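Have a look at the structure below before the remarks.
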């Protein structure tokens, strides 16, 4: 079968027959196409948002000043929203005049120095849920409309940004800084309190299901079913085979995104040199240091294992810093340490004093062929170790109920320099070598340790012990030849209850109605979130925050641009 092909016409050489293109029309068409494309992208795919407040600090910054501590030179952000926008309730603008360094705890001010400039909040790209086809996973950072009305009356609409941590049908418990979940609870509509009021009311209007009264929160109506079930689980030691409350564990990327500085050993206060004891102290004769009074580099030689021990010496700015006693590690955040106005009004809260037992230790170590290294973290009545030797890492629980949890191969074989990171977060041990996580499956998980106050022989009501959490919360052991540098200790997020007070024996529970999300801020001590006003209906979800595109810095360590974890 033959196919007919049209014969091409000869080119026209007469320029008078060619129609000239209109540059104006071409420009208008291009602009219209670009505008339409941008509007479609904004409507259906992605949109840019700016972070105004500090509820997600220090994962995402709102208005802030970048402060360098005048003593240890550690840089950190301090919330300056009240200086820029004014207080959310009063509207009055108050200058930021002081801060407390999260590293060395020096209380500084700007009275005799130039005050840093205010920086606007992070700018993020938000992936929109096209026809709700994209649903958030636990831990995703989401943007949504405030369900009721703007909390700041000066604004016409308020977009909030938090983490989605609870989902429809779940009951979420907040206890001692951790999150727990269960779906094994049914709430009867006919159960009433002593006054005849329903403990588990049902919304007459389904659009009201987000409200606090339908979360069955222990902060408002006691929710005896959830409280009893949580206590049963606690008393049983959180067994894995029982359908009840279980701890919510962040993934590795979220653990790293949520870590908060406790102490960076490379930043030590110059004015305390030779006056205060160093926080990292050698134990044994096998150590030499670059500086006896403020050591940053530790070198070990010898066949016997010797230790470096960390003590949280924060009361060093007193009249006698040499007598500073070790403290437990608390829920302190430099971002919240600003002091505003001539009265020095602080943002600090009771929750800042809560004990945090979930820690992360990292350091650079130069190995020799026969070197063995142990990173150790304490939590309550137990201590946990990651032992590196002969190309493997072994996780163990030492002390009470000692046992080996898991062993995996590593890239540490023979001599060389390696960056090690060991975390004990959400009742899971985690290890990274040169930034690469080692997969232990479920072998590195353990049941949450929630010690009751009357079982504490020498500790606090929150479950910490003096011997572990105060005397040696973190340690590094070395056998053989090795050099240890760049030692840093971090803590995890501590989730607070609604009131911000420390309730060591009473969990706070919330039920999430179907089609809703329980959203919490990373700056839990100072976040207006689902604990205060309710859950987020799926219809008000604007999307998932995926990328910080501003601010940019040529200093890689200070660059905020990157994926949001």
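Results for (1) assigned to a strand (DSSP E or B); (2) under 24 Å from residue 549 (Cα atoms), shown as yes or no for each residue.
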residue: 114; (1), (2): no, no
residue: 117; (1), (2): no, yes
residue: 139; (1), (2): no, yes
residue: 142; (1), (2): yes, yes
Determine whether residue 223 is more than 30 Å from residue 85 (Cβ to Cβ) and out of contact with any strand residue (DSSP E or B) (no Cβ under 6 Å at 6 or more places or on another chain). no
Condition set under 16 Å from residue 537 (Cβ atoms) and under 29 Å from the mean Cα position of the chain (by Cα), scope region 203-228, selection surrounded by the fewest Cβ atoms within 10 Å (Cβ to Cβ): answer is 213
In region 181-202, anything exposed (fewer than 15 other Cβ atoms within 10 Å of the Cβ) and touching a residue at least 60 places away in the same chain (Cβ under 8 Å) is listed as 184
- prompt: Is there a residue being surrounded by fewer than 22 Cβ atoms within 10 Å (Cβ to Cβ) and under 20 Å from residue 266 (Cα atoms) anywhere in region 326-341?
  reply: yes
Legend entry - Test: residue in region 489-506 that is over 17 Å from the mean Cα position of the chain (by Cα) and at pLDDT 95 or above: no
Of the residues in region 285-311, those that are surrounded by 17 or more Cβ atoms within 10 Å (Cβ to Cβ), in contact with a strand residue (DSSP E or B) (Cβ under 8 Å, 6 or more places away or on another chain) and over 12 Å from residue 482 (Cβ atoms) come to 289, 295, 296, 307, 309, 310, 311
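Each row is one residue, and each column tells you yes or no for (1) closer than 27 Å to residue 108 by Cβ; (2) surrounded by 15 or more Cβ atoms within 10 Å (Cβ to Cβ).
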site	(1), (2)
230	no, yes
234	no, yes
237	no, no
244	no, yes
248	no, yes
253	no, no
260	yes, yes
263	yes, yes
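One line per residue, one yes/no per condition, for (1) at pLDDT below 95; (2) more than 30 Å from residue 164 (Cβ to Cβ):
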position	(1), (2)
242	yes, no
256	no, no
262	no, no
269	no, yes
275	yes, yes
285	yes, yes
290	no, yes
296	no, yes
300	no, yes
Reported set for region 86-140 where residues are modelled with pLDDT of 85 or more, farther than 30 Å from residue 490 by Cβ and buried (at least 17 other Cβ atoms within 10 Å of the Cβ) is 94
Region 250-322: strands (runs of 3 or more DSSP E) wholly inside it with 3 or more residues that are out of contact with any helix residue (DSSP H, G or I) (no Cβ under 6 Å at 6 or more places or on another chain) and in contact (Cβ under 8 Å) with a residue 12 or more places away in the chain are 260-264, 280-283, 298-300, 306-310
(message) Among the residues of region 382-389, are any out of contact with any helix residue (DSSP H, G or I) (no Cβ under 6 Å at 6 or more places or on another chain) and surrounded by fewer than 15 Cβ atoms within 10 Å (Cβ to Cβ)?
(response) no
Worksheet item: Are any of the residues in region 220-233 more than 24 Å from residue 138 (Cβ to Cβ), without any contact (Cβ under 8 Å) to a residue 12 or more places away in the chain and out of contact with any helix residue (DSSP H, G or I) (no Cβ under 7 Å at 6 or more places or on another chain)?
Response: yes
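The values are calculated or read from the model by the stated rules, or taken from the named source; none is laboratory data. Just so it is clear, the structure is predicted and the values come from calculations on it, not from any experiment. For neighbour counting, all protein chains shown are included, and Cβ atoms are generated from backbone atoms with ideal geometry for every residue, glycine included.
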